[in-house]
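Scroll down for the structure; my scribbles are underneath it.
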Amino acid sequence: MTQTNRDAITDVQGVRVGHATRDGDGWLTGTTVVLAPEGGAVAAVDVRGGGPGTRETDALDPRNLVQRVDAIVLTGGSAYGLDSASGVMAWLEEQGRGFPVGGPGKVVPVVPAACVYDLGRGGSWRARPDASFGREAAEAASEDVRQGCVGAGTGAVAGGLKGGIGTASTRLASGHTLGALVVVNAVGEVTDPRTGTLYGRYFTAPEGHPADRPSPETHHRARLRLAEARSRTAELQAATGPGAPLNTTLAVVATDAALTKAQAQKLAGTAHDGIARAVRPVHLLHDGDTVFALATGRKPLPDGELEALLTVNELLAAAADTVTRAIVKAVEAAESVRGPGGEFPSYAELYRRTDG
């Protein structure tokens, strides 16, 4: 397996990503849209978190009618933010894209969506995405994927650290491509509290080299700074009333392989393993961890039954590995946020810059 050109989900031909971002003046949230190629893609979903916020996920059950979708929406704003999918639906309808239900132009776009909890992190409880965010993100979709504090990752937080969006891709020996895009917004930790090493680095460090490990002095200073930030955030949030930490990590994995809905659902399931490697603990009652899978079908599986099964197995393994790398990239790309909704230092601030 090798990394592909952009090391992004858009290395899967035809897939594009767009963001709508709002920060400042009480805002710290946004929406991200993953657009499938013209004609749509076979889609599936696997929900593991105990507190998911989703839309149109039942349509992705392999037993149900809809086979292909044109877009997946990931959004901030908790359940309120799911309204952003309406803007994507309207935009797709204008393009004539969706499930055909009659004559020309009569389509119903099926737009599955999932949300992360970021309410109030910018200071205003009512600052959350609506339909206009979805339209903006869809119109902005391109092959170039911004990472860090953008789109649905704008208000993301992971274990007290600033989270965000990350993307990665893998080219298999079979010639198939698999990409992942992740919104890292977890109750659990993304760093090993003993060393400061990102958990995902234990699986993504170059072969033959130790995982990237900060010096003990840097780690000690970082833990003190993080504790201060958590305390300050708790004080700010207490002003609006006590509440449990509500988070969620979302992902979309895409491939150019010709998969069935059942195979795509299995792909989404194994991709969760990539989250479990990089976030600990994971899939808690206060998480809504959800992974979508898209299969464009542009590259068929091998003709032989055994060869096809082996290729699907390679895709399943690659999904977990690629999601882990995307999480590492998300955390490393994030920037610190200090505002009326809380203090969320970045990994770069706590570790990279102090190590020089």
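Do we have ALA251 as buried (at least 21 other Cβ atoms within 10 Å of the Cβ), among the aliphatic types (A, V, I, L, M) and at pLDDT below 95 here? For ALA251, the condition - buried (at least 21 other Cβ atoms within 10 Å of the Cβ), among the aliphatic types (A, V, I, L, M) and at pLDDT below 95 - is not met.
The sole residue among ASP11, ASP61 that is crowded, with 22+ Cβ neighbours inside 10 Å and either hydrophobic (A, V, I, L, M, F, W, C) or on the phi < 0 side of the Ramachandran plot (or both) is ASP11. Would you pick out the residues in the range 162-194 that are in contact with a Leu (Cβ under 7 Å, 6 or more places away or on another chain), part of a strand (DSSP E or B) and over 23 Å from LEU267 (Cβ atoms)? Listed by number, the list holds a single entry, THR191.
Kindly indicate the residue of the range 171-206 that is over 18 Å from ILE275 (Cα atoms) and within 21 Å of the chain's Cα centre (by Cα) and also surrounded by the most Cβ atoms within 10 Å (Cβ to Cβ) among those meeting that condition. Among them, the one singled out is THR177.
Taking each residue of the range 221-234 that is surrounded by fewer than 13 Cβ atoms within 10 Å (Cβ to Cβ) and looking for partners that are at pLDDT 90 or above with beta-carbon atoms closer than 8 Å, six or more apart or interchain, yields GLU228/GLU343. Restricting the search to strands (runs of 3 or more DSSP E) fully inside the range 1-111 and requiring at least 2 residues that are in contact (Cβ under 8 Å) with a residue 40 or more places away in the chain and of a type outside the set (A, V, I, L, M) gives 16-24, 27-35. Residue by residue through the range 77-92, note down the ones that are under 11 Å from VAL111 (Cβ atoms), buried (at least 21 other Cβ atoms within 10 Å of the Cβ) and out of contact with any Cys (no Cβ under 9 Å at 6 or more places or on another chain). Those that are under 11 Å from VAL111 (Cβ atoms), buried (at least 21 other Cβ atoms within 10 Å of the Cβ) and out of contact with any Cys (no Cβ under 9 Å at 6 or more places or on another chain): ALA85, GLY87, VAL88, MET89, TRP91, LEU92. The residues on offer are LEU119, LEU74, and the sole one that is under 30 Å from ALA238 (Cβ atoms) and open to solvent by 10 Å² or more (accessible area, probe 1.4 Å) is LEU119.
Looking at the range 95-108, can you tell me whether even one residue there is open to solvent by less than 50 Å² (accessible area, probe 1.4 Å) and under 22 Å from the mean Cα position of the chain (by Cα)?
no
Candidates are the residues of the range 130-169 that are in contact with an Asp or Glu (Cβ under 7 Å, 6 or more places away or on another chain) and buried (at least 23 other Cβ atoms within 10 Å of the Cβ); the one that is farthest from HIS286 (Cα to Cα) is SER169.
The values are calculated or read from the model by the stated rules, or taken from the named source; none is laboratory data. All of these numbers come straight from a predicted model, not from anything done at the bench. Here Cβ is always computed from backbone atoms with ideal geometry, including for glycine, and neighbour counts include all displayed protein chains. Heads up: the accessible areas ignore ligands, DNA and RNA and are worked out on the full protein's heavy atoms, side chains in. Shrake-Rupley method; radii C 1.70, N 1.55, O 1.52, S 1.80 Å.
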